[in-house]
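Visitor: To start, I am sharing the structure in question, which I have written as structure tokens.
No lab work stands behind these numbers, since they all come straight from the coordinates. Keep in mind that what you see is a predicted model, and the values were worked out from it rather than measured. Cβ: placed from backbone, ideal geometry, glycine included. Neighbour counts: every protein chain shown.
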Amino acid sequence: MLDEKVLLYLGSLEYKQDQTAILEMEKFAKQTGVPIMEKMGFDFVRQILKLRKPKMILEIGSAIGYSAIRMALEAPNSMIYTIEKDIERYNIAVNNIKNFKLENQITIINADALNKNQIIEDVNQFDLIFIDAAKGKNKEFFELYEEKLAPNGIIITDNVLFKGIVASPENATKRIKPMINKIREYNEWLKNNPNYDTAIYPIGDGVALSIRKG
Ligand SMILES: C[S@@+](CC[C@H](N)C(=O)[O-])C[C@H]1O[C@@H](n2cnc3c(N)ncnc32)[C@H](O)[C@@H]1O
């Protein structure tokens, strides 16, 4: 999305102080094809965490726990709930969370987040909801969980530009076209949702930041 040279330059500045265990998770994700948040996308989330200081965070789509762990490390006073439906990824995430000794800060739930009735009954309000699961279901997740969002809360959605293809849907293969169309519909709906101020940033894989209007 950004000029290649700009991306390379920004990449060269990245994460020199990162912990080895984080780099190992990134390596594992790359080797096994598990999608995790792009580094620059996470840079953005990190700044939001510092600015907003959310106490309660809900993540939909844990994968191997990478973003939940990174959020927990950046916002040590927060409590994070994260939902993953794939049992294999859930098990890896549980292990990663243990390795980082973050079991007291991160509650991981093995469930389909679309079955909201079965999950997160014990928490009434989240300050930040991070949607990063099935890309064609963003609107469903948003509508299911927004009732749990604090009055001045925020919802972050990742991959809303999906490798830039969302802006050029004619380049989508037949296989991903339905998903790309769904993301386009979601972005349109989100930008026109009168209850939120939404900006879409061409950072990482495209990040939408929706702030609930007071
Ligand atoms: C992009 S990955 C999440 C990456 C993670 N947030 C990170 O950056 O480290 C999306 C994950 O959402 C999970 N997922 C998809 N649909 C889901 C659903 N309905 N309920 C729970 N998890 C779901 C997938 O199994 C996948 O592991």
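Visitor: Place a label point 7 angstrom from the Cα of I211 along the Cα-to-Cβ direction, then list the residues of region 37-72 whose backbone nitrogen is under 11 Å away.
Guide: It comes to 52, nothing else.
Visitor: Another question about this same structure. Express in % the proportion of alpha carbon pairs of the chain at distances exceeding 27 Å.
Guide: So the portion of pairs separated by more than 27 Å is 28 percent.
Visitor: Net charge near M56, counting Lys/Arg +1 and Asp/Glu -1 over other residues with Cβ under 10 Å of its Cβ?
Guide: With Lys, Arg at +1 and Asp, Glu at -1, the neighbours total +1.
Visitor: Connecting C-alpha atoms closer than 10 Å in a GNM of the chain, tell me which of L102, L13, L144 has the biggest fluctuation.
Guide: The residue that fluctuates most here is L13.
Visitor: Under unit Cβ charges (Lys, Arg +1; Asp, Glu -1), what dipole magnitude, rounded to 20 debye, does region 4-212 have relative to its Cα centre?
Guide: Computed charge dipole of region 4-212: roughly 340 debye.
Visitor: At 222 nm, what value in deg cm²/dmol follows for the chain if DSSP H runs of at least 4 each add -39500 (n - 2.57) and the sum is divided by all its residues, to the nearest 500?
Guide: -11500 deg cm²/dmol
Visitor: List the trypsin sites (Lys or Arg not before Pro) in region 90-135 that DSSP assigns to loop (not H, G, I, E or B) and whose Cβ has at most 16 other Cβ atoms within 10 Å. Which are they?
Guide: Passing sites in region 90-135 are K101.
Visitor: What longest region of the chain stays clear of GluC sites (Glu not before Pro) that DSSP places outside H, G, I, E and B and that have at most 12 other Cβ atoms within 10 Å?
Guide: By the stated rule (loop sites, at most 12 other Cβ atoms within 10 Å), 122-214.
Visitor: Also, quick follow-up: Quickly work out the L13-to-E38 label distance, labels modelled 7 Å from Cα along the C-beta direction, and quote it in nm with one decimal.
Guide: With each label placed 7 Å out from Cα toward Cβ, I get 1.6 nm.
Visitor: With a cap of 15 neighbouring Cβ atoms within 10 Å, and only residues DSSP puts in a loop, list the trypsin sites (Lys or Arg not before Pro) found in region 23-73.
Guide: Taking region 23-73 and a limit of 15 other Cβ atoms within 10 Å, the loop trypsin sites (Lys or Arg not before Pro) found are K55.
Visitor: Among bridges DSSP assigns within the chain, what percent are antiparallel (round to 5)?
Guide: Of all bridge pairs located within the chain, approximately 35 percent are antiparallel.
Visitor: List, in the order given, every pair from K139/K177; K30/K50; K135/K174; K39/K98 whose Cα-Cα distance in the structure shown is over 24 Å.
Guide: K30/K50
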